[in-house]
1. Give segment 110-148 a look and list any residue that's over 18 Å from A161 (Cα atoms) and of a type in the set (F, W, Y), or say none.
2. Residue under question is L179, and the condition is that it be within 14 Å of I126 (Cα to Cα) and surrounded by 13 or more Cβ atoms within 10 Å (Cβ to Cβ); does it hold?
3. Which of the residues spanning segment 120-151 are within 15 Å of N110 (Cβ to Cβ) and of a type in the set (A, V, I, L, M, F, W, C)?
4. Quick test for you: out of G100, G116, G152, G157, pick the one residue that is at positive phi and either of a type in the set (K, R) or in contact (Cβ under 8 Å) with a residue 40 or more places away in the chain (or both).
5. From the list G187, G131, which residue is within 34 Å of the chain's Cα centre (by Cα), small (G, A, S), assigned to a strand (DSSP E or B) and in the same structural domain as G106 (by TED's automatic domain parsing)?
6. Can you find even one residue in segment 191-203 that is within 30 Å of S121 (Cα to Cα) and either in a loop (DSSP other than H, G, I, E, B) or aromatic (F, W, Y) (or both)?
Amino acid sequence: MISGIASGFGGTSSSAINESSNTLGKEDFLTLLIAQLSAQDPLDPLSAQDFSAQLAQFSTLEQMTNMNATLNELIDIEVASSNASTITLIGKLVDVEGNGIDYTAGNTVNLNYILGKDADSVTVQIFDATGKLVTNLDGKTNAGNHLIAWDGQDSSGVALASGSYTFKVLALDFSGDDLPVETFTTGIVTDVLFEEDGAFALVNGEKISVGEITRVSLKI
């Protein structure tokens, strides 16, 4: 059928008809069909059965092409809707799972942790980029979600420089055993970026994938 007619009209192929694509589009298919009909032997014309089969192939190809175009339109609509929703994050307070702190001198950083049950003591330790402990903060001990603010000072009250820091929450139960703790950083979304690999929010000066945001609220 179509696959065998290239030699029938000067060696034209689908790649020659549509050089920008390796696939056969409906316009290419129709061009090949017309060329085949024009080049057929009048004494041995294409049978009605073969012609009907090729028309059926063309109809199927056209439907698939239209379906693909519709799907692309739906994807574009979904992306536009998702981007519009992401923009509304600007100015919102968000939680991001993890323990990293991208600190800017002079600012206050909000650290968040969740206790599954009451603890006897909770200590929030903050480390610099070298792993050195710079200060300890006392945390709340009752079960639940807690927010603690770090003003960027070390244990001596000296203001620290901008840079990357981490924090760790040590929680002990009434028997002195460690309790599991989930940690988050909390901050205001100041900007939203749309890149090829997804949408990102700027939180505390750090670019965070929108998928890493675990909670959104209007204010502290």
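1. Residue satisfying the conditions is Y113 alone.
2. For L179, the condition - within 14 Å of I126 (Cα to Cα) and surrounded by 13 or more Cβ atoms within 10 Å (Cβ to Cβ) - is not met.
3. Scanning segment 120-151 gives V124, I126, L137, L147, I148, A149, W150.
4. G152
5. Step by step, each of G187, G131 is checked, and only G187 is within 34 Å of the chain's Cα centre (by Cα), small (G, A, S), assigned to a strand (DSSP E or B) and in the same structural domain as G106 (by TED's automatic domain parsing).
6. No, segment 191-203 contains no residue that is within 30 Å of S121 (Cα to Cα) and either in a loop (DSSP other than H, G, I, E, B) or aromatic (F, W, Y) (or both).
The values are calculated or read from the model by the stated rules, or taken from the named source; none is laboratory data. On a predicted model such as this, the values are computed, not experimentally measured, just so you know. Cβ: placed from backbone, ideal geometry, glycine included. Neighbour counts: every protein chain shown.
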